[in-house]
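To keep things clear, I will list the structure first and then write my remarks on it.
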Amino acid sequence: MSETAEPLWQDDFSDRRKRIQDSLLRRRSIDRVTKVFTVLAVIALLYPLIDMILMFAYKGATLISTTTFTQLTALNSATVTGGLQNAISGTVLLIALSSAISVPLGVMGGIYLAEFSPRGRFSGIIRFVADILAAVPSIVLGYAGLLFLVLYLGWGFSALAGALTLSVFMFPYILRTTELSLKNVPQSYREAAMALGSSKTNMISRVTLRAALPGISTGIILSMSIASGETAQLLYTAGYSGFNPTALLHSPVGYLTYVVYVFSQLSFPTSQNLALVASFLLLVFVISLNVAARLLVRRMAKG
């Protein structure tokens, strides 16, 4: 071998270095292409949704007036006139009633599953039933509410029948998010509280619940947001009324999703305008719920 020839190990090192550089360039190219396709896929999925939301927000906001909040909806064979006072008050009543029923039961049930019986047979049955309820189509719950509450118990189309059906729909979301939020609290929090002499009840109310509050509030807001957009359940249980709610039983109640579902299919321009306004109000309601929940959680966390 001549004195100017490079050693064999240097040739092998150069080949390996070249292969590593080629592999690195190939991976970077694949990564760039993947990122581009991912961004394009996200845009393709979100653009119709964002466009629809902006359309409802813009058109609905421009159509709002004092009549929307001060007048009842007047529907006759010729046209649709008036505002949405009855639908707004009915929606608030239905969500308030259903939340008053489902939130305490869901939170207490989640506490029981996470803290008192995480592996019990009865808790397994509760989880199974909650998962079944979450998977049942809303129209099936509405039909069950019609048969049992409206007809069998004789409540008629009413706010209480609609709210109770909605609470059954909301319950599994609150239950499962409460349980998962409590399970995500580190075990060291519980051990420290018990080591300081705290009872289990005080430990749950002052330590674990406080730590799990963001997750629990998220589940509650999620369930309320989903319930505020339900129509099928309320068509079978709450009916519809062009007047403000006057009683919880034997009195139909108006709600915004009915306006969106029914009025948007009518040929009257005024009815379609009311449907756009109702859609905008539902968006504002859901966004307001989320903002209020975030502010409340931050304030309680600081306190």
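Mind telling me which of the residues GLY124, GLY142, GLY109 ends up being modelled with pLDDT of 90 or more, over 18 Å from the mean Cα position of the chain (by Cα) and over 25 Å from GLY154 (Cα atoms)? Selected residue: GLY109, the only one of GLY124, GLY142, GLY109 that is modelled with pLDDT of 90 or more, over 18 Å from the mean Cα position of the chain (by Cα) and over 25 Å from GLY154 (Cα atoms). The condition (being in contact (Cβ under 8 Å) with a residue 24 or more places away in the chain, farther than 30 Å from GLY254 by Cβ and surrounded by 16 or more Cβ atoms within 10 Å (Cβ to Cβ)) is satisfied by just one residue among GLY219, GLY215: GLY215.
Condition check ((1) over 30 Å from TYR255 (Cα atoms); (2) in the same structural domain as PHE285 (by TED's automatic domain parsing); (3) surrounded by 11 or more Cβ atoms within 10 Å (Cβ to Cβ)) across all residues:
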residue: ASP22; (1), (2), (3): yes, no, no
residue: LEU25; (1), (2), (3): yes, no, no
residue: VAL33; (1), (2), (3): yes, no, no
residue: PHE37; (1), (2), (3): yes, no, no
residue: ALA41; (1), (2), (3): yes, no, no
residue: PHE56; (1), (2), (3): no, no, yes
residue: LYS59; (1), (2), (3): no, no, yes
residue: LEU72; (1), (2), (3): no, yes, yes
residue: LEU75; (1), (2), (3): no, yes, yes
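Filtering region 108-123 to residues that are surrounded by fewer than 20 Cβ atoms within 10 Å (Cβ to Cβ) and under 24 Å from PRO186 (Cβ atoms) leaves MET108, TYR112, GLU115, PHE116, SER117, PRO118, ARG119, GLY120, SER123. The number of residues in region 54-70 that are over 22 Å from GLN265 (Cβ atoms) and outside any helix (DSSP H, G or I) comes to 1.
Remark: THR91 matches the filter, which requires a residue to be of a type in the set (Val, Ile, Thr), touching a residue at least 40 places away in the same chain (Cβ under 8 Å) and assigned to a helix (DSSP H, G or I).
The values are calculated or read from the model by the stated rules, or taken from the named source; none is laboratory data. These numbers were taken from a predicted model, which means no experiment stands behind them. Note that we place each Cβ from the backbone using ideal geometry, even for glycine, and neighbour counts take in every protein chain shown.
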